[in-house]
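The values are calculated or read from the model by the stated rules, or taken from the named source; none is laboratory data. Bear in mind the structure is a predicted one, so any value in this text is a computation, not a measurement. Here Cβ is always computed from backbone atoms with ideal geometry, including for glycine, and neighbour counts include all displayed protein chains. Side chains are part of the model used for accessible areas, which takes the heavy atoms of the whole protein and leaves out ligands, DNA and RNA. Shrake-Rupley method; radii C 1.70, N 1.55, O 1.52, S 1.80 Å.
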Amino acid sequence: MNEILDIMKKRRSCRDFKSDMLPDEIISQICEAGTYAPTGKNFQSPIIIAVTDKKLRDELSAMNAKIMGKEDFDPFYHAPVILIVLADKTIPTHVYDGSLVMQNLMLAAESLEIGSIWIHRAKEEFETQQGKAILKRLGITGEYEGIGHCAIGYANSEPNAPSPRKENYIYKI
């Protein structure tokens with residue numbers, strides 16, 4: 001089987017990260033892969049915010065945990081880097097576009113032997129005044145909707161084996 005198909009089959013969500021920071025080169029490679037995701041009419045509606053600043057990372061974690069209803073929990077599983085994907089709400093395909101960026105980020109991470117996990121609630125985070133203030137503080141303007149957080153870092157444990165694929169997943173006509 002080819003390398004890309006092997007990576008797709010091997011990738012699993014990581015829920016146990018080491019605290020070690022990733023090198024900038026690795027973060028850049030993963031982010032660049034996200035920019036090559038297909039987008040509707042090539043409008044490239046998503047943006048990626050690479051968060052390595054611990055203070056901002058922890059602020060986002062607290063916001064996410066509050067939305068989740070688990071305030072004493074780190075929904076990013078202690079990952080040192082959070083890649084936030086937002087997409088321009090004025091583009092009809094923005095949710096699909098951002099979702100494809102998320103997939104590219106996770107596959108690129110796997111190809112570099114970096115753990116990753118998609119964490120939801122970015123939409124709810126960036127609809128709050130606090131979320132809008134974060135974007136403003138970062139100089140990001142526009143009508144963006146949060147699509148997801150891609151938490152990345154070195155895995156602290158081995159990934160789980162893949163679950164069996166369900167019956168009738170594919171219908172051939």
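Summary of values
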read-out: Ranked by how many other beta carbons lie within 10 Å on average, peptides 80-88, 138-146 from highest; value: 80-88, 138-146
read-out: Amide H contacts of Y144 (H built 1.01 Å from N, under 5 Å, at least 5 apart or other chain); value: K89
read-out: Whichever lysines have a C-alpha closer than 25 Å to that of K54, once near sequence neighbours (fewer than 8 apart) are set aside; value: K18, K66, K70, K123, K132, K136
read-out: Rel. contact order, % - alpha carbon contacts under 8 angstrom, at least six apart, the stretch 95-161; value: 44 percent
read-out: Solvent-accessible heavy-atom area per residue, rounded to whole Å², over the stretch 58-173 at 1.4 Å; value: 58 Å²
read-out: Integer Hz, Karplus 6.51/-1.76/1.60 couplings in order for the stretch 152-159, x for Gly and Pro; value: 9, x, 6, 5, 8, 8, 6, x
read-out: Under Karplus coefficients 6.51, -1.76 and 1.60, residue-wise ³J(HN,Hα) of the stretch 141-151 in Hz, glycine/proline x; value: 10, x, 9, 9, 10, x, 9, x, 10, 9, 7
read-out: Dipole-positive endmost among F43, S157, T93 within the chain (Cβ charges, Cα centre); value: T93
read-out: Lys, Arg +1 and Asp, Glu -1 on Cβ, resulting dipole of the stretch 1-154 about Cα centre, debye, nearest 20; value: 280 debye
read-out: Mean projected area (nm²) of the alpha-carbon convex hull when the chain is viewed from all directions; value: 12.0 nm²
read-out: Karplus 3J(HN,Hα) series, Hz, for the stretch 128-137 with 6.51 cos²θ - 1.76 cosθ + 1.60 (x for Gly, Pro); value: 7, 4, 4, x, 5, 5, 4, 4, 4, 4
read-out: Segments 90-100, 122-132, 162-172 sorted - mean Cβ within 10 Å per residue, highest first; value: 90-100, 122-132, 162-172
